[in-house]
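Report on the following structure.
Only the coordinates and a few stated rules stand behind these numbers; no lab work does. The structure displayed is predicted, hence computed values, not measured ones. In this analysis, Cβ positions are derived from the backbone assuming ideal geometry, glycine residues included, and neighbour counts consider all displayed protein chains.
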Amino acid sequence: MAEHPAYPVGLRLTGRRVVVLGGGQVAQRRLPALIAAGADILLVSPEATPSVEAMAEAGEITWERRPYADGDLADAWYALIATSDPEANTQASAEAEAHRVWCVRSDNADAATAWTPATGYSEGVTVAVLTSRAKGRDPRHTAAIRDAVVEGLRDGTLVAPHHRTRTPGVALVGGGPGDPDLITVRGRRLLAEADVVIADRLGPRDLLAELPPHVEVIDAAKIPYGRFMAQEAINNALIEHAKQGKSVVRLKGGDPYVFGRGMEELQALAEAGIPCTVVPGISSSISVPGAAGIPVTHRGVAHEFTVVSGHVAPDDERSLVDWASLAGLTGTLVILMGVDKIGRIAETLVAHGKPADTPVALVQEGTTAAQRRVDATLATVAETVRTQDVKPPAVIVIGEVVTVGGQAPAPARPQPPE
């Protein structure tokens, strides 16, 4: 008979019976999507992998611990046959045909009535790639196409225009510690779709060069403040552009809520009736030490780590940090925005009992091509910062974890052409 291409379709399985035969690796890979689709899943298998068993224990699927038996597919809308018994697979496939149940077979795709496409997801869009004919099926090639499309949608290199009006609003996007590769895929996609980007100087600047020419990029440090405080001026800029019907991204370094004043911006937008979404980012408090070879926790060395803002000195009446209590902790202390105050911070910690020989590492421009690490102790860190000319932005790590891995080389990143 002439071979016809497969007909692609999306199954709406919410509340409908799906039978899965076999609890091995195939079921482990396929079950999460069936669960996400809201299917009423019956698993029939004498055994299951630990992950599949955990799904049953969580009540996400119903598991009958036995081999396949005739009649198991009678009430099913869809079946996945993936046992290690070829005879059972053949019998189940025949039952599916008799009951007109669409059936996928892991052992023999040609004998199945349905095929599972290579699928991926990107912000409400399902990408499904299917080889149209049985002859010459190449699952790896199909998966590679799927991956290329999904990656392009996620990182913004593949942009499909919206043909329906988008809801204007603001996205507070955490850009990560500096390396443009360390922004989240959602953050990168929102950047690619933005009309206006209001960026901090500590955000991943390299990403701005990739934006389409029509995108308006505003340096938050250069917004005219007039009679407003800096933060109030930024809030007003976000509100004004959003009210013009534009999609606005507030690109911030690290995470919006880790010393990023993200909540202040969210509250201002909420008061103005502007919809806002928050996209978390990788905080420099853990990523920059990691890039420099320093684990903030390590078995037998540190069971906790504390992240502190050092933008005001310990003796400043505005300080909210209990430095005396921090001095008594045995774990890791990570200080952000503290380069110019580190001398007074070190003196305070030592005065409250922290050993003066406690190791200290300062990681400047972490995760970027300019990254460098300078080591000291609490007793020497103030002089080291002066003699080594350590400048912000730098993350300061205090504790024994500094000596766990030794010095790590700065990340090798290709330089852009001049």
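Centroid-to-centroid, using Cα positions, the range 322-378 and the range 56-88 are 58 Å apart. Please count, across the chain, the pairs of lysine residues with Cα atoms under 30 Å apart that sit 8 or more places apart or on different chains. Total qualifying Lys-Lys pairs in the chain comes to 11. Computed over the range 285-403, the range of Cα coordinates on each principal axis works out to 37, 33, 23 Å, biggest value leading. Taken along the Cα-to-beta-carbon direction at a fixed 7 Å, the label points for I145 and A128 span 1.5 nm.
The value obtained for the range 169-279, namely the Cα convex hull volume divided by the number of residues, is 91 Å³ per residue. Database remark: amide H of G366 closer than 5 angstrom to the amide H of V395 (H placed geometrically; neighbours at sequence offset of 5 or more, or on other chains; Pro and chain starts carry no H). Relative to the longest principal axis of the Cα atoms of the chain, the long axis of helix 86-99 lies at roughly 70 degrees. Over the range 13-116, the Kirkwood radius and the radius of gyration, each from Cα atoms, give a ratio Rg/Rh of 0.92. P(r) tail, the range 216-374: Cα-Cα pairs separated by more than 18 Å, 68% of all pairs.
Working from label points 7 Å from Cα in the Cα-to-Cβ sense, the E216 to S84 distance is 6.4 nm. Dividing the radius of gyration of the alpha carbons in the chain by their Kirkwood radius gives 1.09 for Rg/Rh.
Please work out the FRET efficiency for the pair Q244 and Y121, using the Cβ-Cβ distance as r and a Förster radius of 35 Å; give the result to the nearest 0.05. That pair, Q244 with Y121, gives E of 0.65. Going from the fewest other Cβ atoms within 10 Å to the most, the residues M337, M55, M263 appear in the order M263, M337, M55.
For the range 271-349, trypsin sites (Lys or Arg not before Pro) meeting the loop criterion (DSSP other than H, G, I, E, B) and having at most 15 other Cβ atoms within 10 Å: R299, R318. Once the Cβ-Cβ distance of A69 and Q25 is raised to the sixth power relative to R0 = 25 Å, the FRET efficiency obtained is 0.65.
Take the Cβ atoms of S51 and H4, set R0 to 35 Å, and the FRET efficiency comes out at 0.45. The stretch between A369 and A351 holds 2.8 nm of extra length on full extension. This uses 0.36 nm per residue minus the Cα-Cα distance.
For Y121, nonlocal amide neighbours, meaning residues 5 or more places apart or on other chains whose placed amide H falls under 5 Å from its own, are V127. Most tightly packed first, judged by the mean number of other beta-carbon atoms within 10 Å of their residues, the peptides 83-93, 319-329 read 83-93, 319-329.
Coupling constants for the range 381-386 follow from the phi torsions by the Karplus curve (6.51 cos²θ - 1.76 cosθ + 1.60, θ = phi - 60°), and in residue order they are 5, 4, 5, 5, 4, 6 Hz; glycine and proline get x. Hull volume per residue, based on the alpha-carbon atoms of the range 311-354 and their convex hull, is 67 Å³.
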